[in-house]
Each structure stands twice: as C-alpha cells, then as structure tokens.
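Colleague: Take a look at this one; I'll ask things after.
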Amino acid sequence: MCKLFINAEPSLWHSSTRSIRIDGMVTSVRLENYFWSTLESIARRDEMNIPQMLTRLYHESIDAGHDLGNFTSFLRVCCMRYLALQLSGDIPVNERYPIADLDASEILKKEQGTRH
C-alpha cells in the first residue's frame, strides 16, 4: 500500500510560497506543490488565475460568516473536496465545465442526505 505514496514524484510534497494581494494587503500562502496544482485546475475551470480565485474564495468565505484564521488549511480542504466531488461524479472530471455553472445547492443537499 505505502509504495503508491512513498514512490510518488517527490516534487508533489515539496512546498512553495506564493504571495497574493487581497484587499490591498499582501499575504503569503505556503502549500505543497500538489495542492497548488489542484488549485490551478480549479481556477482554470472558471477562467481565473490563482490570485483571482483565492481572493474570490476569501471574500465569499468572509461574506458567509466564516473565520479564516487558517486560510492555508481552508485551501487544502477545498482541494480535497474538489477531488472528492470529482470522484463522486458531482463535479465533472472534464475541465471544460465551469464550477460556477454547477448547482451547488443541489450538490450540498445530496451530500447532507448521504451523511445521515
């Protein structure tokens, strides 16, 4: 089992830091390269770059009343949810389908139904 993880490309778990500007404030985000790659895939679907998408995620999270004291952890969870939703078929694997076009309310309702 472990060989699948141990012998994967080591560059996937190396991390890098990127600086982004949100509301005029520069912040640095340090993530493993695998997460950066996943965030790039998410952003590309809706014709955004990483800084645009992270700014949007930040604003929408604040608007929803979330405390983003650990924005990096939030981004890791976003990546994992994206991949899990692809596995469940709720997000098409084909990147030509923008995430903004998906019925988020319906997907969330379906998820809640499977938790009980």
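FYI, it's all coordinate maths here, none of it is from the lab. Nothing here was measured: the structure is a model prediction, and the numbers come from that model. No Cβ is skipped: glycine too gets one built from the backbone with ideal geometry, and neighbour counts run over all protein chains shown.
Colleague: Note down the nm distance, to one decimal, between modelled labels 7 Å out along Cα→Cβ at ALA84 and at ASP46.
Modeller: Modelled inter-label distance: 1.9 nm.
Colleague: Per the Kirkwood treatment, what hydrodynamic radius in Å, one decimal, follows for the range 1-96 from the mean inverse distance over all distinct Cα pairs? Show your work: numbers first, answer last.
Modeller: Working: mean 1/r = 0.0684 Å⁻¹.
Hydrodynamic radius (Kirkwood, Cα only) of the range 1-96 equals 14.6 Å.
Colleague: Place a +1 charge on the Cβ of each Lys and Arg in the range 15-115 and a -1 charge on the Cβ of each Asp and Glu, then give the dipole magnitude about the Cα centre in debye, rounded to the nearest 20.
Modeller: Charge dipole, the range 15-115, about its Cα centre: 300 debye, nearest 20.
Colleague: Counting other Cβ atoms within 10 Å, keep those with at most 16, restrict to DSSP loop, and tell me which GluC sites (Glu not before Pro) in the range 22-116 are left.
Modeller: Of the GluC sites (Glu not before Pro), the ones in loops of the range 22-116 whose Cβ has at most 16 other Cβ atoms within 10 Å are GLU47, GLU95.
Colleague: Could you list which residues have their amide H under 5 Å from that of ILE22, counting only those 5 or more apart in sequence or on another chain, with H placed in the peptide plane?
Modeller: THR27
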